[in-house]
Amino acid sequence: MKKCPNCHRNIPSDANICPYCGQPQPGYVPPGFKKNNRKKTMYLYLIMAILFVNIPFVLSYMFAYNSMNDDFSSEKITLAAYQESSKETVQYQYDSLQDFADKVTNSDTYVEKIEDMENQLNDMIDNDQFEKDYLFQITQNNNVYALINYEITAKTGTVYQIEYSYNLSGESQCDISINQNDVKSIDEIDQILTDHQNEYNDIIKIFNGKDNTKLLGDTKTEFDKIKEELGQEKISHYGKGVSQSSSTHHCAMRVFGQEGSYRLKLSFQTQLKKKNFM
(Lines give C-alpha, C1' and ligand atoms only; values in the text may rest on other atoms or scores of the structure.)
Protein backbone atom coordinates (compact mmCIF):
# COMPACT_ATOMS: atom_id res chain seq x y z
CA MET A 1 0.00 0.00 0.00
CA LYS A 2 0.92 3.67 -0.29
CA LYS A 3 -0.52 6.90 1.09
CA CYS A 4 -2.32 9.45 -1.07
CA PRO A 5 -0.43 12.78 -0.75
CA ASN A 6 -3.74 14.67 -0.77
CA CYS A 7 -6.03 12.83 1.72
CA HIS A 8 -3.27 10.68 3.35
CA ARG A 9 -5.33 7.50 3.24
CA ASN A 10 -3.90 4.09 2.40
CA ILE A 11 -4.55 3.13 -1.22
CA PRO A 12 -3.36 0.24 -3.42
CA SER A 13 0.23 0.59 -4.58
CA ASP A 14 -0.74 0.51 -8.26
CA ALA A 15 -3.53 3.11 -8.00
CA ASN A 16 -3.03 5.97 -10.48
CA ILE A 17 -5.91 7.95 -8.97
CA CYS A 18 -6.95 7.93 -5.30
CA PRO A 19 -10.32 6.10 -4.99
CA TYR A 20 -11.20 8.29 -1.99
CA CYS A 21 -10.48 11.88 -3.05
CA GLY A 22 -9.82 11.49 -6.81
CA GLN A 23 -6.29 12.94 -6.61
CA PRO A 24 -3.96 11.78 -9.46
CA GLN A 25 -0.88 10.16 -7.93
CA PRO A 26 2.72 11.38 -8.49
CA GLY A 27 4.04 10.37 -11.90
CA TYR A 28 0.62 9.66 -13.39
CA VAL A 29 -0.11 11.52 -16.64
CA PRO A 30 -3.86 11.55 -17.37
CA PRO A 31 -4.96 10.54 -20.88
CA GLY A 32 -5.17 13.56 -23.17
CA PHE A 33 -2.67 15.64 -21.17
CA LYS A 34 -1.20 18.23 -23.55
CA LYS A 35 2.53 18.66 -23.38
CA ASN A 36 3.31 19.85 -26.90
CA ASN A 37 0.76 20.51 -29.65
CA ARG A 38 3.24 19.85 -32.46
CA LYS A 39 4.23 16.50 -30.99
CA LYS A 40 0.60 15.65 -30.39
CA THR A 41 -0.27 16.32 -34.07
CA MET A 42 2.66 14.21 -35.24
CA TYR A 43 1.67 11.33 -32.98
CA LEU A 44 -1.94 11.61 -34.17
CA TYR A 45 -0.92 11.22 -37.83
CA LEU A 46 1.33 8.30 -36.93
CA ILE A 47 -1.46 6.53 -35.03
CA MET A 48 -3.93 7.12 -37.89
CA ALA A 49 -1.48 5.61 -40.38
CA ILE A 50 -0.93 2.57 -38.18
CA LEU A 51 -4.66 2.10 -37.69
CA PHE A 52 -5.35 2.42 -41.44
CA VAL A 53 -2.82 -0.29 -42.26
CA ASN A 54 -3.86 -2.54 -39.40
CA ILE A 55 -7.57 -1.83 -39.18
CA PRO A 56 -8.61 -5.50 -39.67
CA PHE A 57 -6.42 -6.49 -36.74
CA VAL A 58 -7.74 -3.59 -34.63
CA LEU A 59 -11.36 -4.58 -35.25
CA SER A 60 -10.59 -8.19 -34.39
CA TYR A 61 -8.92 -7.07 -31.17
CA MET A 62 -11.86 -4.86 -30.22
CA PHE A 63 -14.31 -7.72 -30.60
CA ALA A 64 -12.04 -10.04 -28.67
CA TYR A 65 -11.54 -7.42 -25.95
CA ASN A 66 -15.28 -6.93 -25.56
CA SER A 67 -15.73 -10.68 -25.26
CA MET A 68 -13.08 -10.83 -22.54
CA ASN A 69 -14.80 -7.99 -20.68
CA ASP A 70 -18.11 -9.80 -20.89
CA ASP A 71 -16.54 -12.97 -19.52
CA PHE A 72 -14.82 -11.03 -16.75
CA SER A 73 -18.03 -9.23 -15.76
CA SER A 74 -19.74 -12.56 -15.21
CA GLU A 75 -16.86 -14.11 -13.28
CA LYS A 76 -17.55 -15.06 -9.68
CA ILE A 77 -14.84 -15.07 -7.03
CA THR A 78 -14.47 -16.23 -3.45
CA LEU A 79 -12.51 -14.14 -0.97
CA ALA A 80 -9.67 -15.96 0.74
CA ALA A 81 -8.13 -14.87 4.05
CA TYR A 82 -6.60 -11.39 4.03
CA GLN A 83 -2.78 -11.31 4.07
CA GLU A 84 -0.85 -8.16 4.91
CA SER A 85 1.29 -6.86 2.07
CA SER A 86 3.47 -3.79 1.50
CA LYS A 87 2.28 -3.68 -2.11
CA GLU A 88 -1.32 -4.16 -3.16
CA THR A 89 -2.69 -4.53 -6.68
CA VAL A 90 -6.39 -4.16 -7.39
CA GLN A 91 -7.69 -7.25 -9.19
CA TYR A 92 -11.45 -6.76 -9.02
CA GLN A 93 -13.67 -3.69 -8.85
CA TYR A 94 -17.45 -3.39 -8.41
CA ASP A 95 -19.49 -0.21 -8.79
CA SER A 96 -22.71 -1.40 -7.17
CA LEU A 97 -23.72 -3.26 -4.04
CA GLN A 98 -25.65 -5.74 -6.20
CA ASP A 99 -22.57 -6.59 -8.31
CA PHE A 100 -20.47 -7.02 -5.18
CA ALA A 101 -23.13 -9.32 -3.68
CA ASP A 102 -23.61 -11.35 -6.87
CA LYS A 103 -19.98 -11.77 -7.94
CA VAL A 104 -18.22 -12.23 -4.58
CA THR A 105 -19.68 -15.44 -3.21
CA ASN A 106 -18.79 -14.86 0.44
CA SER A 107 -19.67 -11.15 0.61
CA ASP A 108 -22.91 -11.75 2.57
CA THR A 109 -21.60 -10.31 5.85
CA TYR A 110 -20.52 -7.06 4.20
CA VAL A 111 -23.72 -6.69 2.23
CA GLU A 112 -26.06 -7.48 5.14
CA LYS A 113 -24.36 -4.95 7.42
CA ILE A 114 -24.47 -2.21 4.79
CA GLU A 115 -28.15 -2.90 4.09
CA ASP A 116 -28.95 -2.95 7.82
CA MET A 117 -27.27 0.42 8.30
CA GLU A 118 -29.14 1.87 5.30
CA ASN A 119 -32.44 0.61 6.75
CA GLN A 120 -31.63 2.41 10.01
CA LEU A 121 -31.01 5.65 8.09
CA ASN A 122 -34.30 5.20 6.23
CA ASP A 123 -36.14 4.76 9.54
CA MET A 124 -34.47 7.80 11.12
CA ILE A 125 -34.79 10.21 8.19
CA ASP A 126 -38.22 10.69 6.64
CA ASN A 127 -36.89 11.22 3.13
CA ASP A 128 -37.99 11.92 -0.42
CA GLN A 129 -34.73 10.74 -1.98
CA PHE A 130 -31.91 8.39 -0.96
CA GLU A 131 -29.07 8.35 -3.51
CA LYS A 132 -26.33 5.73 -3.10
CA ASP A 133 -22.92 5.38 -4.73
CA TYR A 134 -20.63 2.39 -4.13
CA LEU A 135 -17.08 1.38 -4.97
CA PHE A 136 -15.61 -1.96 -3.88
CA GLN A 137 -12.05 -3.01 -4.74
CA ILE A 138 -10.39 -6.35 -4.00
CA THR A 139 -6.61 -6.66 -4.13
CA GLN A 140 -4.37 -9.63 -4.86
CA ASN A 141 -3.85 -10.21 -1.12
CA ASN A 142 -7.64 -10.23 -0.50
CA ASN A 143 -7.90 -6.79 1.04
CA VAL A 144 -11.35 -5.28 0.52
CA TYR A 145 -11.60 -1.52 0.02
CA ALA A 146 -15.09 -0.04 0.36
CA LEU A 147 -15.97 3.59 -0.45
CA ILE A 148 -19.66 4.48 -0.07
CA ASN A 149 -21.51 7.78 -0.52
CA TYR A 150 -25.09 8.72 0.36
CA GLU A 151 -27.10 11.84 -0.33
CA ILE A 152 -30.40 11.81 1.55
CA THR A 153 -32.96 14.57 1.01
CA ALA A 154 -35.43 14.74 3.88
CA LYS A 155 -39.02 15.90 3.43
CA THR A 156 -38.12 18.92 5.56
CA GLY A 157 -35.56 19.95 2.90
CA THR A 158 -32.55 18.99 5.02
CA VAL A 159 -29.83 17.29 2.95
CA TYR A 160 -27.63 14.64 4.58
CA GLN A 161 -24.35 13.80 2.81
CA ILE A 162 -22.51 10.80 4.19
CA GLU A 163 -19.22 9.35 2.94
CA TYR A 164 -17.45 6.46 4.60
CA SER A 165 -14.59 4.16 3.69
CA TYR A 166 -12.82 1.19 5.22
CA ASN A 167 -10.58 -1.76 4.40
CA LEU A 168 -9.27 -4.88 6.08
CA SER A 169 -5.90 -3.30 6.94
CA GLY A 170 -7.62 -1.21 9.61
CA GLU A 171 -8.09 2.25 8.11
CA SER A 172 -11.54 3.83 8.26
CA GLN A 173 -13.07 7.27 7.86
CA CYS A 174 -16.56 8.73 7.98
CA ASP A 175 -17.63 12.27 7.01
CA ILE A 176 -21.19 13.37 7.73
CA SER A 177 -22.56 16.70 6.50
CA ILE A 178 -26.03 18.02 7.35
CA ASN A 179 -27.22 21.01 5.30
CA GLN A 180 -30.29 23.14 5.89
CA ASN A 181 -31.06 25.79 3.25
CA ASP A 182 -33.36 28.82 3.31
CA VAL A 183 -33.21 29.46 7.05
CA LYS A 184 -34.71 32.88 7.72
CA SER A 185 -32.89 33.93 10.89
CA ILE A 186 -30.05 33.10 13.28
CA ASP A 187 -32.66 32.37 15.96
CA GLU A 188 -34.17 29.73 13.67
CA ILE A 189 -30.72 28.19 13.15
CA ASP A 190 -30.26 28.11 16.92
CA GLN A 191 -33.61 26.36 17.31
CA ILE A 192 -32.75 23.77 14.64
CA LEU A 193 -29.48 22.91 16.38
CA THR A 194 -31.25 22.60 19.73
CA ASP A 195 -34.21 20.55 18.50
CA HIS A 196 -32.25 18.10 16.37
CA GLN A 197 -29.16 17.43 18.48
CA ASN A 198 -30.42 13.98 19.56
CA GLU A 199 -31.26 13.10 15.95
CA TYR A 200 -27.77 14.11 14.80
CA ASN A 201 -26.24 12.03 17.60
CA ASP A 202 -28.29 8.95 16.64
CA ILE A 203 -27.24 9.20 12.98
CA ILE A 204 -23.55 9.58 13.81
CA LYS A 205 -23.81 6.74 16.33
CA ILE A 206 -24.78 4.32 13.53
CA PHE A 207 -21.27 4.79 12.16
CA ASN A 208 -18.99 5.19 15.18
CA GLY A 209 -21.05 3.34 17.80
CA LYS A 210 -20.48 6.11 20.35
CA ASP A 211 -22.50 8.71 22.22
CA ASN A 212 -21.49 11.98 20.56
CA THR A 213 -23.63 14.23 22.76
CA LYS A 214 -20.69 15.89 24.50
CA LEU A 215 -18.86 16.96 21.33
CA LEU A 216 -22.10 18.13 19.70
CA GLY A 217 -23.01 19.99 22.90
CA ASP A 218 -19.58 21.60 23.23
CA THR A 219 -19.76 22.81 19.62
CA LYS A 220 -23.25 24.18 20.20
CA THR A 221 -21.97 26.03 23.29
CA GLU A 222 -19.29 27.67 21.14
CA PHE A 223 -21.94 28.55 18.57
CA ASP A 224 -24.05 30.22 21.28
CA LYS A 225 -21.13 32.59 21.94
CA ILE A 226 -21.20 33.99 18.38
CA LYS A 227 -24.90 33.73 17.44
CA GLU A 228 -25.69 37.27 18.58
CA GLU A 229 -22.74 38.56 16.57
CA LEU A 230 -23.93 36.55 13.53
CA GLY A 231 -27.33 38.21 13.67
CA GLN A 232 -25.77 41.69 13.57
CA GLU A 233 -23.45 41.31 10.59
CA LYS A 234 -23.67 40.35 6.94
CA ILE A 235 -22.28 36.86 6.49
CA SER A 236 -20.42 36.20 3.24
CA HIS A 237 -20.71 33.09 1.10
CA TYR A 238 -17.52 31.87 2.83
CA GLY A 239 -19.53 31.53 6.01
CA LYS A 240 -18.69 31.81 9.66
CA GLY A 241 -18.80 29.24 12.41
CA VAL A 242 -17.17 27.24 15.18
CA SER A 243 -15.63 23.81 15.66
CA GLN A 244 -14.54 21.45 18.39
CA SER A 245 -12.39 18.30 18.31
CA SER A 246 -11.66 15.25 20.42
CA SER A 247 -9.02 12.55 19.88
CA THR A 248 -10.72 10.93 16.86
CA HIS A 249 -13.69 13.20 16.08
CA HIS A 250 -14.21 16.69 14.72
CA CYS A 251 -17.46 18.67 14.77
CA ALA A 252 -18.18 22.02 13.07
CA MET A 253 -21.22 24.26 12.79
CA ARG A 254 -21.08 26.89 10.06
CA VAL A 255 -23.52 29.51 8.76
CA PHE A 256 -23.40 30.82 5.19
CA GLY A 257 -25.05 33.95 3.88
CA GLN A 258 -27.62 33.66 1.11
CA GLU A 259 -29.81 36.33 -0.41
CA GLY A 260 -32.56 36.93 2.13
CA SER A 261 -31.72 33.79 4.12
CA TYR A 262 -28.98 31.61 5.62
CA ARG A 263 -27.63 28.11 5.10
CA LEU A 264 -26.59 25.95 8.03
CA LYS A 265 -23.98 23.22 7.66
CA LEU A 266 -23.12 20.81 10.44
CA SER A 267 -20.08 18.61 9.76
CA PHE A 268 -18.87 15.61 11.73
CA GLN A 269 -15.71 13.62 10.94
CA THR A 270 -15.15 10.37 12.79
CA GLN A 271 -13.86 6.82 12.51
CA LEU A 272 -16.08 3.81 11.93
CA LYS A 273 -16.91 1.16 14.45
CA LYS A 274 -15.35 -1.45 12.18
CA LYS A 275 -17.26 -4.51 13.40
CA ASN A 276 -20.52 -2.78 12.37
CA PHE A 277 -19.38 -2.98 8.75
CA MET A 278 -17.05 -5.96 8.39
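The values are calculated or read from the model by the stated rules, or taken from the named source; none is laboratory data. It should be emphasised that the depicted structure is a prediction, and the values quoted were computed from it without experimental measurement. Please note: Cβ atoms are built from the backbone with ideal geometry, for glycine as well, and neighbour counts cover all protein chains shown. Just the protein is used for accessible areas: all its heavy atoms, side chains included, with ligands, DNA and RNA removed. Shrake-Rupley method; radii C 1.70, N 1.55, O 1.52, S 1.80 Å.
In table form, for the structure just shown:
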read-out: Contour minus Cα-Cα distance for Ser177 and Thr156 (0.36 nm per residue); value: 6.0 nm
read-out: J(HN,Hα) series, region 173-187, from Karplus relation 6.51 cos²θ - 1.76 cosθ + 1.60, nearest Hz, glycine and proline x; value: 7, 9, 10, 10, 10, 10, 10, 10, 8, 6, 8, 7, 8, 5, 4
read-out: In Hz, Karplus ³J(HN,Hα) per residue of region 151-157 (6.51, -1.76, 1.60; θ = phi - 60°; x = Gly, Pro); value: 10, 10, 9, 6, 5, 7, x
read-out: Pair Asn127, Gln83: separation of 7 Å Cα→Cβ label points (nm); value: 4.0
read-out: Average accessible area per residue (Å²) across region 186-227 - probe 1.4 Å, nucleic acids and ligands excluded; value: 48
read-out: Region 153-244, accessible surface, carbon-and-sulfur percent (1.4 angstrom probe); value: 43
